[in-house]
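No value in this document is a laboratory result; all are computed from the given coordinates. On a predicted model such as this, the values are computed, not experimentally measured, just so you know. Cβ atoms come from the backbone with ideal geometry, glycine included; neighbour counts cover every protein chain shown.
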Amino acid sequence: MQEKARERRKEELYRAADEAARAQARRLLAEARTAVLGLNAPEGGAPLLARIGFARAPDGALLSLISALARHHAALRRNPLCTLLIGDPAPRGDPLAAPRLRITAQAVFMPPEARPALREIWLHRHPKAKLYVDFADFGFVRFHPESAFLNGGFGKAFLLNAADLE
């Protein structure tokens, strides 16, 4: 009974994705230079958050460059299920009115043969990363979205799927 009530409440709160919501989600992804990565710590499974560099590749891939020395690297190796939070509050106004996109995804560590192409994409978006992009401990991670939630501001909540982000 409680489960049905929760589902009914969810339907009342969240809208189905429309073209405006899809466009806003894609715009947030295109403009993002960082994301907040949410996952479980490798030891004990406590919640762990990390701000990571972020880029969207021309083919739509969601990418990050992560050091093997970072705690979140070990966490993703142990459990690739994660969440990305995209969108920063505006410098003025109510930060909760700013749009943000939460994506549930599977992280995949990219093989060495993918590195040259990803390196160029990354440096185009993050030119200062030229200082460390070639360090041996850094590798590229691609995030494969499973679902998403767009909070477009007050009263604008949308459930999206992976196809809505393409």
Using alpha carbons only: equivalent-ellipsoid semi-axes of the range 76-166, gyration tensor based, whole Å: 29, 18, 11
Can you tell which of E31, E120, E19 shows the greatest fluctuation in a Gaussian network model of the chain with Cα springs below 10 Å? E19
Point-to-point label distance, E3-S147, nm (Cα→Cβ direction, 7 Å offset): 1.4
If you stretched the chain out fully between A163 and T104, how much longer would it get, using 0.36 nm times the residue separation minus the C-alpha to C-alpha distance? 19.9 nm
Excluding the sites themselves, what is the longest stretch of the chain that contains no chymotrypsin sites (Phe, Trp or Tyr not before Pro) in a DSSP loop with at most 16 other C-beta atoms within 10 Å? 15-131
If r is the Cβ-Cβ distance from L131 to A30 and R0 is 25 Å, what FRET efficiency results, to the nearest 0.05? 0.50
Using a Debye calculation, one point per C-alpha and no hydration shell, please list log10 I(q)/I(0) for the chain at q = 0.10, 0.14, 0.15, 0.18 Å⁻¹ in order. -0.41, -0.78, -0.88, -1.17
If you build a Gaussian network model of the chain, linking Cα atoms that sit under 10 Å apart, which residue out of A30, A55, A97 swings the most? A97
Run the quick spin-label model on R78 and A114: label points 7 Å from Cα toward the beta carbon, then report their separation in nm to one decimal. 2.3
Where does the range 125-166 land on Rg(C-alpha)/(2.2 N^0.38 Å)? 1.80
Would you look at the GNM of the chain, springs on alpha carbons closer than 10 Å, and say which of L96, L28, L85 moves the most? L96
